[in-house]
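The values are calculated or read from the model by the stated rules, or taken from the named source; none is laboratory data. The structure presented is a predicted model; accordingly, all values stated were derived computationally and were not measured. Note that each Cβ is placed from the backbone with ideal geometry, even for glycine, and that neighbours are counted across all protein chains shown. Heads up: the accessible areas ignore ligands, DNA and RNA and are worked out on the full protein's heavy atoms, side chains in. Shrake-Rupley method; radii C 1.70, N 1.55, O 1.52, S 1.80 Å.
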Amino acid sequence: MFVAGFIGSPAMNFVTAGLVRDGGAAVIFAGGRLPVPAGVLDARPGLAGYFGRDVILGIRPSDFEDAAVAGRGQGAMAVTAGVTEELGSEINVIFTIDAPHVEHASIAEAAEAGQDQDEAAAALIGGKSLWTARVSKESRVKPGAPLELAVDTRYLQFFDPASGLSIGHPQATAALAD
C-alpha cells in the first residue's frame, strides 16, 4: 500500500470493501458493488481466500471514465462531482464516497514521504473519503452535478488489511495461511 499510495499523481483511491461471491465475484463498499473479473481472481493467488472478508480496495484515478464517453469498464459508480480540474487533455474529478478514510500505517508513511499533508488532511470529510477520478476532456462533468463513472475493473488492486501487502504477494499469502 505504501508504493500504491506514494506513486502516481493523483494518488490511488483506497476503501475497505467486502469481497463477496453473491451473483458473481464482487467488492461491496459505500453502498455500491463492482464486479471482480475472473481474470483478476486468477492473476492474484490467494485472493479467493478473502471471500467473505474485508480487503482494502485500491482504484487508480486513471481507471475511471465518464460513463457517457466510456468505451470500457465492467463496473460503474454513481457519484456527485465536487471539484473539477480541467487539465487540457483530461479532467480530474474530485468527489466523496460514503465510506470512512482507510487508516493504515502504509498510507500514512506514503503521505509523509510525499509531504502532501493537504491531501492527507482532505481525505477525512465528515466520515467520508475524498476520491479522484481522471476522465476524458470530452466529459461534460460540472461541479455539483451527478456523474456516472465507468470503472475498468480489470485493474482493481487488493491489499490485506492487516499487513498492507498486495494480495498475491508471498508474505500476504503466508499471513492468510496462519
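Could you check how many residues of the stretch 142-178 are of a type in the set (A, V, I, L, M, F, W, C), outside any strand (DSSP E or B) and either open to solvent by less than 10 Å² (accessible area, probe 1.4 Å) or modelled with pLDDT under 95 (or both)?
Our first condition is that a residue be of a type in the set (A, V, I, L, M, F, W, C); within the stretch 142-178, this holds for 145, 147, 149-151, 156, 158-159, 162, 165, 167, 172, 174-177.
Pick out the ones that are also outside any strand (DSSP E or B) and you get 145, 156, 162, 165, 172, 174-177.
Then drop every residue that is not either open to solvent by less than 10 Å² (accessible area, probe 1.4 Å) or modelled with pLDDT under 95 (or both), which leaves 156, 162, 165, 172, 174-177.
Counting residues in the stretch 142-178 that are of a type in the set (A, V, I, L, M, F, W, C), outside any strand (DSSP E or B) and either open to solvent by less than 10 Å² (accessible area, probe 1.4 Å) or modelled with pLDDT under 95 (or both) gives 8.
Hey, ILE28 hits all of (1) at pLDDT below 95; (2) under 24 Å from LEU130 (Cβ atoms) but one; which does it fall short on?
Status for ILE28: all satisfied but (1).
In the stretch 70-99, what count of residues is obtained for those that are in a loop (DSSP other than H, G, I, E, B), in contact with a strand residue (DSSP E or B) (Cβ under 7 Å, 6 or more places away or on another chain), open to solvent by 30 Å² or more (accessible area, probe 1.4 Å) and more than 9 Å from ALA150 (Cα to Cα)? Even if it seems obvious, please write down each step before you answer.
To start, the set of residues in the stretch 70-99 that are in a loop (DSSP other than H, G, I, E, B) comprises 70-74, 81-82, 87-89, 98-99.
Those still in the list that are in contact with a strand residue (DSSP E or B) (Cβ under 7 Å, 6 or more places away or on another chain) too: 70, 72-74, 81-82, 98-99.
Imposing the further condition that a residue be open to solvent by 30 Å² or more (accessible area, probe 1.4 Å) reduces the set to 70, 72-74, 82, 98.
If we keep only those that are more than 9 Å from ALA150 (Cα to Cα) too, we end up with 82, 98.
Residues in the stretch 70-99 being in a loop (DSSP other than H, G, I, E, B), in contact with a strand residue (DSSP E or B) (Cβ under 7 Å, 6 or more places away or on another chain), open to solvent by 30 Å² or more (accessible area, probe 1.4 Å) and more than 9 Å from ALA150 (Cα to Cα): 2 in total.
Considering only the stretch 11-68, state which residues are part of a helix (DSSP H, G or I), over 22 Å from HIS101 (Cα atoms) and of a type outside the set (Val, Ile, Thr).
Looking only at the stretch 11-68, we keep the residues that are part of a helix (DSSP H, G or I), and these are 38-43, 47-50, 61-63.
In the following step, the residues that additionally are over 22 Å from HIS101 (Cα atoms) were identified as 38-43, 47-49.
Matches in the stretch 11-68: ALA38, GLY39, LEU41, ASP42, ALA43, LEU47, ALA48, GLY49.
Six or more apart or on different chains, Cβ atoms under 8 Å: show the pairs whose first residue is in the stretch 47-70 and at positive phi and at pLDDT 95 or above and whose second is surrounded by 15 or more Cβ atoms within 10 Å (Cβ to Cβ) and of a type in the set (A, V, I, L, M).
Qualifying pairs under 8 Å: GLY52/LEU19; GLY52/VAL20.
Return yes or no: is VAL102 out of contact with any Pro (no Cβ under 7 Å at 6 or more places or on another chain), closer than 27 Å to SER163 by Cβ, at pLDDT 95 or above and among the aliphatic types (A, V, I, L, M)?
no
Keeping to the stretch 52-69, report how many residues are open to solvent by 40 Å² or more (accessible area, probe 1.4 Å) and closer than 23 Å to LEU19 by Cα.
The qualifying residues number 5.
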